[in-house]
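Worksheet: the structure to be examined is printed underneath.
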């Protein structure tokens with residue numbers, strides 16, 4: 001009986017080791033211009049020396065799913081491998097007139113709106129392909145939005161592990177505490193994707209909570 005128990009425990013330890021070594025597919029979700037691509041670029045540049053995508057003030061600049069594979073990260077808690085999947089910004093509606101403000105003519109604006117809508121649909125479908133998610137929020141804005149609540153609700157319903165990112169803490173009007181208060185049931189990590197502040201804390205949190 002004792003020998004059988006040892007074998008079982010040994011197998012469980014091996015399974016745990018394999019689980020820790022596997023590559024996780026990490027999705028980046030959030031509202032438009034929350035800083036998802038900036039954060040994805042920061043992580044990729046830190047460990048691979050290459051960017052994931054283009055950052056722009058124009059809404060829905062990321063309209064296609066962008067992916068960088070085999071990002072090997074060293075943390076205080078250990079090493080981990082992950083595939084970075086930068087999703088298009090989520091919005092409840094896409095108004096082509098928003099693009100006209102950035103110099104697009106009506107036809108270009110309508111095409112951009114169609115592409116953005118398609119990107120949102122694809123991002124939602126990709127929830128079936130991710131192991132964990134970083135929910136990126138702009139800490140200079142009110143976190144109680146329909147987009148943020150919808151994203152969090154979908155992830156909770158699907159049982160997908162997540163970390164909420166309070167981004168842009170380098171801004172003078174940042175209030176990351178408002179995000180912590182809005183979603184106290186979840187782990188919130190404060191970072192500045194643009195400056196790299198607190199990235200080590202994020203890497204450790206990913207290793208501890210999402211692998």
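Looking only at strands (runs of 3 or more DSSP E) that fall completely inside region 113-211, which ones have 2 or more residues that are free of Cβ contacts under 8 Å to residues at least 40 places away in the same chain and over 17 Å from residue 90 (Cβ atoms)? Don't jump to the end; show me each part of the working.
Numbers: elements: 132-138, 162-167, 188-190.
Ranges flagged: 188-190.
It is to be established whether one or more residues within region 40-59 are within 22 Å of residue 155 (Cα to Cα), crowded, with 17+ Cβ neighbours inside 10 Å and modelled with pLDDT of 80 or more. Even if it seems obvious, please write down each step before you answer.
Initial filter on region 40-59 (within 22 Å of residue 155 (Cα to Cα)): 40.
Checking the rest, the ones that are also crowded, with 17+ Cβ neighbours inside 10 Å come to 40.
Now narrow it down to the ones that are modelled with pLDDT of 80 or more: 40.
Within region 40-59 (the criterion being within 22 Å of residue 155 (Cα to Cα), crowded, with 17+ Cβ neighbours inside 10 Å and modelled with pLDDT of 80 or more), the answer is yes, since at least one residue qualifies.
Taking residue 28 and the conditions (1) surrounded by fewer than 21 Cβ atoms within 10 Å (Cβ to Cβ); (2) within 22 Å of residue 126 (Cα to Cα); (3) modelled with pLDDT of 85 or more, which numbered condition does it fall short on, given that it satisfies the others?
Status for residue 28: all satisfied but (1).
Answer with yes or no whether residue 63 is within 17 Å of the chain's Cα centre (by Cα), more than 19 Å from residue 211 (Cα to Cα) and at pLDDT below 90. Please lay out each step first, then the result.
Working: within 17 Å of the chain's Cα centre (by Cα): yes; more than 19 Å from residue 211 (Cα to Cα): yes; at pLDDT below 90: yes.
Yes, satisfied.
Under 7 Å between Cβ atoms, at least 6 apart or on separate chains: pull out the pairs that start in region 51-76 with a residue that is within 28 Å of residue 93 (Cα to Cα) and end on any residue that is modelled with pLDDT under 75 and in a strand (DSSP E or B).
Close Cβ pairs (under 7 Å, with a partner that is modelled with pLDDT under 75 and in a strand (DSSP E or B)) do not exist here.
I'd like to verify a number: residues in region 89-112 that are in a helix (DSSP H, G or I) and modelled with pLDDT of 75 or more, how many?
Total meeting the criteria: 4.
Conditions first: (1) closer than 22 Å to residue 92 by Cα; (2) without any contact (Cβ under 8 Å) to a residue 24 or more places away in the chain; (3) surrounded by fewer than 18 Cβ atoms within 10 Å (Cβ to Cβ). Residue 109 passes all but one, so which condition is the exception?
Of the numbered conditions (1) closer than 22 Å to residue 92 by Cα; (2) without any contact (Cβ under 8 Å) to a residue 24 or more places away in the chain; (3) surrounded by fewer than 18 Cβ atoms within 10 Å (Cβ to Cβ), the odd one out for residue 109 is (3).
Go through 131, 86 for me and flag whichever is modelled with pLDDT of 90 or more and more than 19 Å from residue 34 (Cβ to Cβ). Break it down into steps so the answer makes sense when it comes.
On the way: 86 fails: more than 19 Å from residue 34 (Cβ to Cβ).
Residue meeting the stated conditions: 131.
The values are calculated or read from the model by the stated rules, or taken from the named source; none is laboratory data. This structure is a prediction, so every number in the text was calculated from the model and none was measured. Here Cβ is always computed from backbone atoms with ideal geometry, including for glycine, and neighbour counts include all displayed protein chains.
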